[in-house]
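Working notes for the structure below.
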Amino acid sequence: LRSTTLWSTAANINDLQYSYHTQHNRRVRMIDLKEIDFSNMGDEIIYLELDENKEQDIEEIKL
């Protein structure tokens, strides 16, 4: 049986931020929960696509 980690997460409960990276892209992305208006959502579940593109971007470092 083969297993992989699909995503890893970290929660900053003091600043209400939720960070994650996925198996396809190791760049850490952050969701600021203070910027979301939860008052009008009711019981609706919102699904977010974790990766727009399932690939790792490459940042070129110039010296």
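The accessible surface of the chain, taken with every protein chain in place and a 1.4 Å probe, is 51 percent carbon and sulfur. Placing pseudo-labels 7 Å out from each Cα toward the beta carbon at LEU50 and SER3 gives an inter-label distance of 1.5 nm. Each peptide in 23-33, 39-49, 5-15 receives the mean, over its residues, of other Cβ atoms within 10 Å, and ordering these scores from highest gives 23-33, 5-15, 39-49.
Principal axis extents of the Cα atoms in the chain, from largest to smallest and rounded to whole angstrom, are 46, 42, 22. About its Cα centre, the dipole of the chain is roughly 420 debye, where the only charges are +1 on Lys and Arg Cβ and -1 on Asp and Glu Cβ.
The values are calculated or read from the model by the stated rules, or taken from the named source; none is laboratory data. Nothing here was measured: the structure is a model prediction, and the numbers come from that model. Note that we place each Cβ from the backbone using ideal geometry, even for glycine, and neighbour counts take in every protein chain shown. We work out accessible area using only protein heavy atoms, side chains counted, and drop any ligands, DNA or RNA first. Shrake-Rupley method; radii C 1.70, N 1.55, O 1.52, S 1.80 Å.
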